[in-house]
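Participant: Okay, handing you the structure first.
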Amino acid sequence: MLEEKRQRIAQTVEYLNNRKTINPKIAIVLGSGLGGLTDKIDVVDEIPYKEIPNFPVSTVEGHKGTMIFGRLNGVEVLVFSGRFHYYEGYPMDVVTFPQQILPGIGVKTVILSNAAGGMNPTFQVGDIMLIRDHINHFFTNPLIGPNDDELGPRFPNMSEVYSHRLVKLAQQTGKKLNIHLQEGVYIGVSGPCFETPAEYKMFYLFGADAVGMSTVPEAIMARHRGLEVFALSVITDLGIIGRVEKASHEEVLEAAAAAGPQVVDLIYNMVPEI
Ligand code: HPA
């Protein structure tokens, strides 16, 4: 099983190392509606997932399926336009496959973005929340199974999943750009249902500020493989005690698209400092 996994990763890494002509140290995973970042990239090569050995194809509306090598504000980056969600039916190993190949192609830092429901009563739709910490509420973990000690530890330390250095850099960049940033705890759930009012309340009482259906497995895998992680949520709907809104996928995409330019601005200005 370990040997098979190693070979799968090695095959994909070899394909990408042979194909790529630049060497990004930063990878960016685009969440729902945040595709606008791709407009800012000087594209060097765009590879459809279906051309990449062992890469699955994402099925959700609002998520494309390409890997883009290019320059963002002069900095070499690798952008995943389209991610794999657990609710689509992919096993965790597939959900986190992009993070598993990153060390082999020389990436050191991964930026994850997502759309999330806000539970903190100070939040508004359209807010950007820097993720300071997370709660894994998927009832599973991408590291379950035999551990490959050569890739990462059996019991990874989770005391600083989201780099404090990068949260600070984001805060400083936000101040310079006059972008208001929230900071908080993201709870990751399987979905695909949005939460009931009772669930939003429970998650807020757990200590979470926002809830979403991605990011946590990817962040766990990235940390296991020694990558530095930065993540942010766009608050697309509210699940605040006493005033839960009826969230729909359309509203989520709309709100994420409206906040998109600010997220793009923030990331664009952060990358040269990473
Ligand atoms: N819950 C879970 N996932 C989400 C939400 C939500 O309210 N909004 C966007 N993604």
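The values are calculated or read from the model by the stated rules, or taken from the named source; none is laboratory data. It should be emphasised that the depicted structure is a prediction, and the values quoted were computed from it without experimental measurement. Virtual Cβ from ideal backbone geometry, glycine too; neighbours counted across all protein chains shown. Areas reflect the complete protein model, heavy atoms only, side chains present, ligands, DNA and RNA absent. Shrake-Rupley method; radii C 1.70, N 1.55, O 1.52, S 1.80 Å.
Participant: Residues of region 22-43 being β-branched (V, I, T), in a strand (DSSP E or B) and within 17 Å of the chain's Cα centre (by Cα), which ones?
Facilitator: So the first thing to find is which residues in region 22-43 are β-branched (V, I, T), and the list is 22, 26, 28-29, 38, 41, 43.
Next, from what is left, pick out any that are in a strand (DSSP E or B): 26, 28-29, 41, 43.
Those that are β-branched (V, I, T), in a strand (DSSP E or B) and within 17 Å of the chain's Cα centre (by Cα): I26, I28, V29.
Participant: When K64 is evaluated against the numbered criteria (1) open to solvent by 60 Å² or more (accessible area, probe 1.4 Å); (2) assigned to a helix (DSSP H, G or I); (3) under 28 Å from N141 (Cβ atoms), which criterion, by number, is the only one it fails?
Facilitator: (2)
Participant: Do we have I131 as touching a residue at least 12 places away in the same chain (Cβ under 8 Å) and within 28 Å of S81 (Cβ to Cβ) here?
Facilitator: Values: touching a residue at least 12 places away in the same chain (Cβ under 8 Å): yes; within 28 Å of S81 (Cβ to Cβ): yes.
So I131 fits the description; yes.
For (1) buried (at least 20 other Cβ atoms within 10 Å of the Cβ); (2) assigned to a helix (DSSP H, G or I), each residue gets a yes or a no:
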| residue | (1), (2) |
| --- | --- |
| V211 | yes, no |
| E218 | yes, yes |
| G226 | no, no |
| F230 | yes, no |
| S233 | yes, no |
| K246 | no, no |
| L253 | no, yes |
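Participant: Turning to a different aspect of this structure: Can you confirm whether G207 is open to solvent by less than 10 Å² (accessible area, probe 1.4 Å) and among the small types (G, A, S)?
Facilitator: Details: open to solvent by less than 10 Å² (accessible area, probe 1.4 Å): no; among the small types (G, A, S): yes.
No.
Participant: Which residues, counting only those in region 114-127, are open to solvent by less than 30 Å² (accessible area, probe 1.4 Å) and in contact with a helix residue (DSSP H, G or I) (Cβ under 6 Å, 6 or more places away or on another chain)?
Facilitator: Let us first name the residues in region 114-127 that are open to solvent by less than 30 Å² (accessible area, probe 1.4 Å), namely 114-120, 123, 126-127.
A115, M119, G126, listed by residue number.
Participant: So for region 181-195 (the condition being part of a helix (DSSP H, G or I) and either at pLDDT 95 or above or within 15 Å of the ligand (Cβ to nearest atom) (or both)), does at least one residue qualify? Full working, then the answer.
Facilitator: Of region 181-195, the ones part of a helix (DSSP H, G or I) are none.
No, that holds for no residue.
Participant: Still on this structure, please answer the following. Among the residues of region 205-250, count how many are within 15 Å of the ligand (Cβ to nearest atom) and among the small types (G, A, S).
Facilitator: The total comes to 9.
Participant: Could you tell me whether Q100 is buried (at least 16 other Cβ atoms within 10 Å of the Cβ) and either touching a Leu at 6+ places or on another chain (Cβ under 6 Å) or outside any strand (DSSP E or B) (or both)? Spell out how you get there, then give the answer.
Facilitator: Values: buried (at least 16 other Cβ atoms within 10 Å of the Cβ): yes; either touching a Leu at 6+ places or on another chain (Cβ under 6 Å) or outside any strand (DSSP E or B) (or both): yes.
Answer is yes for this residue.
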